[in-house]
1. Near Val60, within a Cβ-to-Cβ distance under 11 Å, what is the net charge of the other residues, with Lys and Arg +1 and Asp and Glu -1?
2. For the chain, count all C-alpha to C-alpha pairs, find those more than 25 Å apart, and express that count as a whole percent of the total.
3. Given +1 on the Cβ of Lys and Arg, -1 on the Cβ of Asp and Glu, and no further charges, what dipole in debye does segment 73-123 carry about its Cα centre, rounded to the nearest 20?
4. With no solvent and one equal point scatterer placed on each C-alpha of segment 62-105, evaluate the Debye formula and give log10 I(q)/I(0) for q = 0.15, 0.18, 0.29 Å⁻¹, two decimals.
5. Work through the residues other than Ser32 whose Cβ is under 13 Å from its Cβ and net out their charges, Lys, Arg +1 and Asp, Glu -1.
6. When N is the residue count of segment 1-43, what does its C-alpha Rg come to as a fraction of 2.2 N^0.38 Å?
7. Give the aspartates and glutamates whose C-alpha is closer than 13 Å to that of Lys33, dropping any in the same chain fewer than 8 places away, or say none.
Amino acid sequence: MTIAKNSRTKSEIVAISTDDVPVTLYTCPANSKAHMSLLFITNASSNASDINVQWYRASVATSFFIIGGKNLTQGEFIKFDGAFIVLEAGDYVTVETTSTAGSGVPDTDAFCTVEEFFNPVGG
């Protein structure tokens, strides 16, 4: 993979341990855009959980579902790769668990890899 001179590649990871509380996985910084080339979510809990992933588009101040209510049992995962999502400055992606089975606590992890492209200020 060739990295542009005005860019950097990075990965982010979060743990989701409370139902119905969206956790921000990645936020695109000011004066940049980002290509999210990998999004991976796994359920390490012994309890099934429903997974929601939302993309907040700053330009329209609205969140959109990428995944809505996908049930993951222990050891299952979701992986998006082979293409990328283009995020603009201020856009962010959140992950949330809902309806965790039984009285257990969700134990869901999510990570992503992005390449950030920095726009010169005033350019």
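1. Spelling it out: positives minus negatives among the neighbours equals -1.
2. 27
3. Taking the Cα centre of segment 73-123 as origin, the dipole is about 80 debye.
4. The calculated log intensity ratios at q = 0.15, 0.18, 0.29 Å⁻¹ are -0.56, -0.76, -1.32.
5. -1
6. Here the Cα radius of gyration is 1.46 times the empirical estimate.
7. Output for Lys33: Glu88, Asp91, Glu115, Glu116.
Quick note: the coordinates plus some simple rules give every number you see, no bench work behind them. Note that the structure is a prediction, hence the values are computed from the model and not measured. Note: ideal-geometry Cβ built from the backbone for every residue, glycine included; neighbour counts use all protein chains shown.
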